[in-house]
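Have a look at the structure below, then the notes.
The values are calculated or read from the model by the stated rules, or taken from the named source; none is laboratory data. This structure is a prediction, so every number in the text was calculated from the model and none was measured. Cβ atoms come from the backbone with ideal geometry, glycine included; neighbour counts cover every protein chain shown. Side chains are part of the model used for accessible areas, which takes the heavy atoms of the whole protein and leaves out ligands, DNA and RNA. Shrake-Rupley method; radii C 1.70, N 1.55, O 1.52, S 1.80 Å.
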Amino acid sequence: MKAIRISWVALFVILLAVILFQWGKMEPEVEDTALMMTSREILSSANEFKNYWVVDGQPTHLMKDGIEVTFSRLGWPVVFDDNGDLDCQQWLHLLLPKKDKIYTDSININDVSKNQALYRCEYRAPNGKIISIMLNNGAFKVSIGFLNEN
């Protein structure tokens, strides 16, 4: 009876060691998958706002959860601050209200918009991964990528 119990404990320890060893190999893939799911959730949220815009008679503005949303001429949601500049932080809050899927506690946000035809924000995580949200000439895009840190 004691030998069976020792065998079970040994099997459990071996199984746990294998899982922990393999986790190091799986973690980058898990992070990449989470980033992909996050980008799809952002795009889905933007599509929901566009659908609202179409159904509600194409309003120019909307107040959602304390965020003033401005719609583009084709119905995509954009958020500006009081100075009329793109507000990347609020844009992320609007499009990804449940931000727990990405590393929002240590995310670096860059507003890389240069003109009225292009609104773009980059959300960089410390692990070198990046999500870029852009509205370029009426086309809404979400892309993911990696920073090359050499």
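If the chain between TRP23 and GLN89 were fully stretched, how many nm would it gain, using 0.36 nm times the residue separation less the Cα-Cα distance?
Residue separation times 0.36 nm, minus the Cα-Cα distance, leaves 20.5 nm.
Tell me the accessible surface of THR60 in square angstrom (1.4 angstrom probe, heavy atoms of protein chains only), to the nearest ten.
Rounded to the nearest 10, that gives 90 Å².
At a Förster radius of 41 Å, what calculated FRET efficiency corresponds to the Cβ-Cβ distance of GLN58 and ILE14, to the nearest 0.05?
0.05
What accessible surface, in Å², does a 1.4 Å probe find on LEU118, ignoring ligands, DNA and RNA and rounding to the nearest 10?
Accessible area of LEU118: about 40 Å².
Cα extents of the stretch 12-82 along the three principal axes, largest first, in whole Å?
62, 26, 18
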